[in-house]
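Before any comments, here is the structure.
Laboratory data are not the source of any read-out in this text; all were calculated from the coordinates shown. Predicted model only: the values in this text are computed from it and were never measured. Because the Cβ atoms are built from the backbone with ideal geometry, glycine has one as well, and the counts that use them run over all protein chains shown.
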Amino acid sequence: MTTARKAKLTMALYEHVFLARQDMSAQQVDALVEQYKGVIEANGGKVGRVENWGLKSLTYRIKKNRKAHYALMDIEAPGAAIHEMERQMRINEDILRYMTIAVEAHEEGPSAMMQKRDRDDRPRRDGDRPERSFGDRDRGPRPDRGPREGGFERRPREDRA
């Protein structure tokens with residue numbers, strides 16, 4: 001077997017997501033993607049789909065940042081290429097976090113983060129409860145409630161009578 005064929009057999013599939021600082025521009029994030037794409041290709045791998053998810057809020061602060069630019073890369077590369085890319089990301093101050101996951105196959109089409117779902121298509125959490133109208137304040141007594149506790153009824157105010 002040739003070394004090129006061995007390298008092809010040992011290439012694994014990965015999904016890699018990284019978070020970049022919030023004060024970077026979208027062009028700078030694209031430059032980071034190209035930089036790491038070059039690292040992968042220099043080490044015998046290739047990068048497929050690249051998605052820039054944009055600036056999103058973080059659940060908690062990371063290195064004094066409340067937001068971050070998210071980017072996803074589908075990678076087919078040997079483990080050494082991934083290791084080198086992650087080493088360079090650890091050094092880079094613009095990268096807040098990164099995560100690489102080995103996958104069996106890459107997803108076709110846009111990722112779940114890029115799919116736009118219409119609000120009307122999603123199932124409602126409260127079932128099929130009708131919309132409540134707050135414009136009509138004179139609804140009268142509610143049939144699901146009994147009399148007030150304490151044995152007294154509310155009297156109408158004199159200025160309303």
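Here are a few things to note about the model shown:
- Any hit, region 37-51, residues being within 17 Å of R97 (Cα to Cα) and among the polar types (S, T, N, Q): no
- When E15, E86, E34, E41 are checked against the criterion of being free of Cβ contacts under 8 Å to residues at least 24 places away in the same chain and crowded, with 17+ Cβ neighbours inside 10 Å, a single residue qualifies: E86.
- Among the candidates M114, M73, M99, residue that is of a type in the set (A, V, I, L, M, F, W, C) and outside any strand (DSSP E or B): M114
- Residue tally, condition under 23 Å from A81 (Cβ atoms), among the small types (G, A, S) and in a strand (DSSP E or B), over region 27-65: 1
- Among the residues of region 89-106, the ones that are more than 15 Å from F18 (Cβ to Cβ) and surrounded by fewer than 12 Cβ atoms within 10 Å (Cβ to Cβ) come to 3 in all.
- Among the residues making up region 107-117, those that are surrounded by 10 or more Cβ atoms within 10 Å (Cβ to Cβ) and closer than 17 Å to K56 by Cα are S111, M113, M114.
- Tallying residues that are of a type in the set (D, E, K, R) and assigned to a strand (DSSP E or B) within region 16-26 yields 1.
- Considered as a group, the residues in region 56-70 that are under 22 Å from Y36 (Cα atoms) and under 10 Å from the mean Cα position of the chain (by Cα) include one that is surrounded by the most Cβ atoms within 10 Å (Cβ to Cβ), and that residue is Y70.
- Qualifying residue in region 41-50 (condition: among the charged types (D, E, K, R) and in contact with an Asp or Glu (Cβ under 6 Å, 6 or more places away or on another chain)): yes
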